[in-house]
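The values are calculated or read from the model by the stated rules, or taken from the named source; none is laboratory data. Please read all numbers here as calculations on a predicted model, not as lab measurements. Positions of Cβ are backbone-derived with ideal geometry, glycine not excepted, and every protein chain shown enters the neighbour counts.
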Amino acid sequence: MRTAATAAEAHQSRLLYELGALLLTIIRSPLGPGEEPRQVTAAGVASMMLGASMALMLCGSVTFMLGFFLMPWVVGLACVFLFVGFLTNLSGIWRAILCWPAACSSSSPHKDASTWHIFPKPPFM
């Protein structure tokens with residue numbers, strides 16, 4: 001059992017080494033005047049494609065897991081902000097519900113302020 005695991009690791013490291021060598025060959029600067037082009041084998045191209053697809057799958061699954069774990073925090077934070085916003089506007093909401101325009105207009109010292117608005121009108125309007 002131990003030899004099979006060691007052989008699998010050796011095969012995997014050999015594939016990674018070949019993939020790295022292929023990528024370095026592709027990225028390498030153009031050939032000089034006396035150099036001949038290197039041969040890229042079909043197995044090397046297949047290994048490069050396999051490595052690229054594995055990288056995309058791993059990055060995609062990591063991104064999905066991060067989003068999956070962080071989404072409850074985002075929803076919870078949105079609920080907290082919603083609750084704080086509700087508490088901030090609570091006095092204005094109660095004033096709008098309890099103080100009808102007919103009842104408040106006679107006792108209100110400000111004639112230009114509307115009781116139907118939660119926030120008072122700016123002085124320039």
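When we screen Ser108, Ser61 for residues that are under 30 Å from Ser13 (Cβ atoms), surrounded by 10 or more Cβ atoms within 10 Å (Cβ to Cβ) and either at pLDDT below 75 or under 28 Å from the mean Cα position of the chain (by Cα) (or both), the only hit is Ser61. Look at (1) exposed (fewer than 10 other Cβ atoms within 10 Å of the Cβ); (2) within 30 Å of His11 (Cβ to Cβ); (3) modelled with pLDDT of 80 or more and you find that Pro37 fails only one, number (3).
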